[in-house]
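Let me begin by presenting the structure, written as structure tokens, before commenting on it.
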Amino acid sequence: MIVVKNLKKSFGEVRAVNGVSFEAHDGEITGLLGPNGAGKTTTLRMLYSLLPPDEGEIRIDGLDPAKDAMEIKRTLGVVPDSRGLYTRLTARENIAYFGELHGMSRRAIEGRIKELTRTLNMEDFIDRRTEGFSQGQRVKVAIARAMIHEPQTVLMDEPSNGLDVMSTRALREYILGLKADGHSIVLSTHIMQEVAALCDRIVIIARGEVAADGSAEELLARSGSASLEDAFVQLIGSEEGLLA
Amino acid sequence: MNGLTTVFKKEVRENLRDRRALFNSLLLGPLLFPVLFVGLMWFLDSAEQERAEKTLDLPVVGAQYAPSLIRFLEQQGAVIQPNPENPEDMVRNQEVPVVIRILPEFADNWAQGIPAPIEVISDISRQESNVPIRRVKRLLLGYGQQIGSLRLQLRGIGPQLASPIMLKDVDLSTPKSRAILAIIFLPYVLMITAFTGATHLAMDTTAGEKERKSLEPLLINPVPRWQIMTGKMITTTVFAMASLALTLISFRIVLPLMPVGAFGMDLTLGLGTLLKILVVVSPVAILAAALLTLLASFAKSYREAQSYMGLVILIPMVPSLIFMANPVRAESWMMSVPLFSQNMLIGEIIRDQPVPISWYLMSIASTLAIGLILAIIAASIYNRPTLIFSSG
């Protein structure tokens, strides 16, 4: 369960995030939808305590990232925008490294990797060095290392970026599986279909502010549009960044 | 501390699989420098010998004024080329290293017992002429002395009268201490090795991690950043130390092959000496790792970091170069200056001189202190939230 109230963050003159508030519940997928540069990544970075907010309040299962950074990091699984893997290590070693950083025992790591390899279909490449992996394979490894410690809350920044159709389908199934298991999932995206296919709650962010917030049906009703895309354009007031 | 050891183990494993790291840290220094050193010594030695043994071609202007001198020179093995056209130009154009000119008044002066003038024409800024010039001067002075003694004897005076002083060299240097002449190079090489051994690792673990975009995911883990940074720095230190140890071993193997028997030098490095040197230079590895990690943390990419490193590699050279140009006696205050103190101590160790324990301790403590300060600054950079934004 995430509660965000009036979050603000500036970099010099640039107001990246200017008063974002939303809630993300357990067993639900919350989508941060917005054009490129709207402040999605910055918002997520504040959630996983990489950046301290200038103003506002964040509570993740009651914890404050500014004060309980280490505690929060233990309960979060994050697939950030940058998905660099260590190319001289195998996929398994990459994932195990993060398990060890979480202080997990070797035994627990082994068991968990076995599980994740099965759910994410990584049998073919789990023991290969990650040099030359395809986007899809890389995202799978990035997800596996983020999920190694079975986090309750999952944050994903543009998870389907650069994936082909098959990989995207597999990813969506996986995220829906997490939802079914009762996790709270927040993902950012600028892709309309993704939101429509996955999200229970949509938070539309534009120019660092929340333009609208609700389920797909609510947003359609509020804007009076026939499609989610029209609703989106109408709610943020421009087509800017949509086609990126 | 678990995070620290996890980072350390992973970096070691990852870099042992990196051919570039292995080459830079474990091959380049340990192989290149000793081979270069010994090769250079061989080359110098053989070039020197060749010049000393070569026949001396000597153009002489005005040979007719001093026929007995010419005969003497020929007896000593010089090949006289009489009356060259333009002696100054010959030297200037490097056709010959040296020409002598016997002036017309030579014969008159000679007959009257007044010092008779001979010009030795050469360009002493040309290193390669030094040996022939020395040979020519030695021959001329030798001839002069011989004639001087004869003249005194003719007048019934013992020639010893003209040598009121007899110099005797009492040389207290031992074969070991003379080795320092050739081996002044070793501290220099070791300082550089500490830095080259650390360079690739420092860049790869910081700037490289940013460039590969794996820094942000790494920082999301519940491990304090200073532990991550320290784990990386320890890895870099270990590689730099391995580089140093291998270089020393390589020198031990290669030094006996040097052509120094002729100079009467003892260049074997015993195991005890090696260990002492290793203890003295190890803190430099830590200093280098901290300094390089700090600098590489500022860089956005491996390439940018590399451009800083070119300058940093000058740092370990400075004390060695000062010491080479202006050898000074070791004093205790010098032990508090990192890099300089190691230069001094290694010299003393190779010379087999007793060194006060306090000097070792001062050198190690001062170097570690500065390394620690740099490490703390590096750690504080890692604590800045904007760290990841310097990625390009």
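The values are calculated or read from the model by the stated rules, or taken from the named source; none is laboratory data. Everything numeric in this text was worked out from a predicted model, so none of it was measured. Cβ placement follows ideal geometry from the backbone for every residue including glycine, while neighbour counts extend to all protein chains displayed.
Criterion first (more than 14 Å from chain B (Cβ to nearest Cβ) and either in a loop (DSSP other than H, G, I, E, B) or surrounded by 23 or more Cβ atoms within 10 Å (Cβ to Cβ) (or both)) does A:Thr43 satisfy it? For A:Thr43, the condition - more than 14 Å from chain B (Cβ to nearest Cβ) and either in a loop (DSSP other than H, G, I, E, B) or surrounded by 23 or more Cβ atoms within 10 Å (Cβ to Cβ) (or both) - is met. Residue count for segment B:1-34 under the criterion of being more than 14 Å from chain A (Cβ to nearest Cβ) and either in contact with a helix residue (DSSP H, G or I) (Cβ under 7 Å, 6 or more places away or on another chain) or buried (at least 18 other Cβ atoms within 10 Å of the Cβ) (or both): the result is 9.
For every residue, the table says whether it meets (1) within 12 Å of chain B (Cβ to nearest Cβ); (2) within 21 Å of the chain's Cα centre (by Cα); (3) over 18 Å from A:Gly84 (Cα atoms).
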{"position": "A:Thr117", "(1), (2), (3)": "no, yes, yes"}
{"position": "A:Asn121", "(1), (2), (3)": "no, yes, yes"}
{"position": "A:Phe125", "(1), (2), (3)": "no, no, no"}
{"position": "A:Gln135", "(1), (2), (3)": "no, yes, no"}
{"position": "A:Lys140", "(1), (2), (3)": "no, yes, no"}
{"position": "A:Arg145", "(1), (2), (3)": "yes, yes, no"}
{"position": "A:His149", "(1), (2), (3)": "yes, yes, yes"}
{"position": "A:Ser160", "(1), (2), (3)": "no, yes, no"}
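Count of segment B:48-86 residues, restricted to those that are among the small types (Gly, Ala, Ser) and farther than 20 Å from B:Pro104 by Cβ, is 3.
Summed over segment B:206-219, the residues that are at the interface with chain A (Cβ under 7 Å from one of its Cβ atoms) and out of contact with any Gly (no Cβ under 9 Å at 6 or more places or on another chain) give a count of 1. On the given criteria, is B:Glu53 out of contact with any Phe, Trp or Tyr (no Cβ under 6 Å at 6 or more places or on another chain), among the acidic types (Asp, Glu) and exposed (fewer than 14 other Cβ atoms within 10 Å of the Cβ)? Spelling it out, B:Glu53 is indeed out of contact with any Phe, Trp or Tyr (no Cβ under 6 Å at 6 or more places or on another chain), among the acidic types (Asp, Glu) and exposed (fewer than 14 other Cβ atoms within 10 Å of the Cβ). Could you check, for segment A:79-102, whether at least one of its residues is of a type in the set (A, V, I, L, M), without any contact (Cβ under 8 Å) to a residue 12 or more places away in the chain and within 23 Å of B:Gln227 (Cα to Cα)? The answer is yes, given that some residue of segment A:79-102 is of a type in the set (A, V, I, L, M), without any contact (Cβ under 8 Å) to a residue 12 or more places away in the chain and within 23 Å of B:Gln227 (Cα to Cα). Those helices (runs of 4 or more DSSP H) of segment B:167-269 in which 3 or more residues are modelled with pLDDT of 90 or more occupy B:185-203, B:215-219, B:225-254. A single entry from A:Asp64, A:Asp26, A:Asp68 fulfils the requirement of being surrounded by fewer than 21 Cβ atoms within 10 Å (Cβ to Cβ) and within 11 Å of chain B (Cβ to nearest Cβ): A:Asp68.
At least 3 residues being surrounded by fewer than 16 Cβ atoms within 10 Å (Cβ to Cβ) is the threshold, and among the helices (runs of 4 or more DSSP H) wholly inside segment B:315-392 those reaching it are B:317-325, B:357-383. Is it the case that some residue within segment A:185-199 is assigned to a loop (DSSP other than H, G, I, E, B), surrounded by fewer than 16 Cβ atoms within 10 Å (Cβ to Cβ) and modelled with pLDDT under 95? No.
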